[in-house]
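Colleague: I am attaching a structure below and will ask some questions about it afterwards.
The values are calculated or read from the model by the stated rules, or taken from the named source; none is laboratory data. None of these values were measured; they are calculated from a predicted model. No Cβ is skipped: glycine too gets one built from the backbone with ideal geometry, and neighbour counts run over all protein chains shown.
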Amino acid sequence: MLEGMSYTDMAGQVVSLIALGFCLVGFASKRDDRLMVLLISANVAFAAQFALFGSWTAAVLSLLVIGRIMLARRHPGNWQVMLAVLAVNLLAAVVTWRSPVDYFAIAAAVFGTVGMFMLRGIPMRLLLAAAAICWMLNNILIGSVGGTLAEGLVVVTNFITIFRLARMKRRYPEAFAKLNEPGL
């Protein structure tokens, strides 16, 4: 398998495994703020991976995720800022468009943006899981083994955390409410 890969492709695989580490630690966290900070690091690595594979729409949208995370933390629930972020993502996709594979990166950007701006806790993680599934499909189609594995494990880890949060909500409703407060 490695015999047919270029050095650039191999580097893309390695970088995607680094992103995997950030994602697993982030989605295993019960704290939304910690999740978002670790996702910033993961998206730098994913953007590098996509660039190494020549998937420019995915690379640019991954970098825009970093700005989205920062804006969503600063302006939670703000429709105007969310719509501006969506517009920038769509403009970036139009400028970098290469093939129908790019639809998956666009769908991931939309799910992630709506989830981070408008939701918290379990509902946010459900939309982030939908985004991860879109990224996983994108990775499959561009041939990124590491990226596919990363997103698949992100989906599994995310659903485990959703289960843990749901269980915590039933057992300790007052503690669950505190987890969703801004700044925690």
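Colleague: Yes or no: Met136 aliphatic (A, V, I, L, M), touching a Lys or Arg at 6+ places or on another chain (Cβ under 7 Å) and either on the phi < 0 side of the Ramachandran plot or assigned to a loop (DSSP other than H, G, I, E, B) (or both)? Walk me through it before giving the result.
Modeller: Details: aliphatic (A, V, I, L, M): yes; touching a Lys or Arg at 6+ places or on another chain (Cβ under 7 Å): no; either on the phi < 0 side of the Ramachandran plot or assigned to a loop (DSSP other than H, G, I, E, B) (or both): yes.
Taking the combined requirement at face value, the residue does not satisfy it.
Colleague: Could you run through the stretch 153-167 and say how many residues are surrounded by 15 or more Cβ atoms within 10 Å (Cβ to Cβ) and in contact (Cβ under 8 Å) with a residue 40 or more places away in the chain?
Modeller: Here the count works out to 7.
Colleague: Same structure again: Do you know which residues across the stretch 34-47 are surrounded by fewer than 20 Cβ atoms within 10 Å (Cβ to Cβ) and within 11 Å of Val15 (Cβ to Cβ)?
Modeller: Val44
Colleague: Right, next: Would the stretch 70-80 turn up any residue that is part of a helix (DSSP H, G or I) and over 29 Å from Arg164 (Cβ atoms)?
Modeller: First, the residues of the stretch 70-80 that are part of a helix (DSSP H, G or I): 70-74, 79-80.
Subsequent filtering for residues that are over 29 Å from Arg164 (Cβ atoms) retains 79-80.
The answer is yes; a qualifying residue exists.
Colleague: With the condition kept exactly as written, say whether any residue in the stretch 84-107 is crowded, with 18+ Cβ neighbours inside 10 Å, modelled with pLDDT under 95 and closer than 21 Å to Thr157 by Cβ.
Modeller: So far as the stretch 84-107 goes, no, none of its residues is crowded, with 18+ Cβ neighbours inside 10 Å, modelled with pLDDT under 95 and closer than 21 Å to Thr157 by Cβ.
Colleague: Do we have Arg68 as buried (at least 20 other Cβ atoms within 10 Å of the Cβ), modelled with pLDDT under 95 and farther than 18 Å from Leu153 by Cβ here?
Modeller: Working: buried (at least 20 other Cβ atoms within 10 Å of the Cβ): yes; modelled with pLDDT under 95: yes; farther than 18 Å from Leu153 by Cβ: yes.
Yes; evaluated as a whole, the condition is true for this residue.
Colleague: Being among the hydrophobic types (A, V, I, L, M, F, W, C) and touching a residue at least 60 places away in the same chain (Cβ under 8 Å) is the filter here, so list the residues in the stretch 43-62 that pass it.
Modeller: Of all residues in the stretch 43-62, those among the hydrophobic types (A, V, I, L, M, F, W, C) come to 44-48, 50-53, 56, 58-61.
The answer is Phe46, Phe50, Phe53, Ala58.
Colleague: Restricting attention to the stretch 116-147, which residues are touching an Asp or Glu at 6+ places or on another chain (Cβ under 9 Å), farther than 22 Å from Ile160 by Cβ and crowded, with 22+ Cβ neighbours inside 10 Å?
Modeller: Asn138, Ser144, listed by residue number.
Colleague: Considering only residues of the stretch 92-107 that are under 18 Å from Ile133 (Cβ atoms) and not in a helix (DSSP H, G or I), which is farthest from the chain's Cα centre (by Cα)?
Modeller: The selected residue is Pro100.
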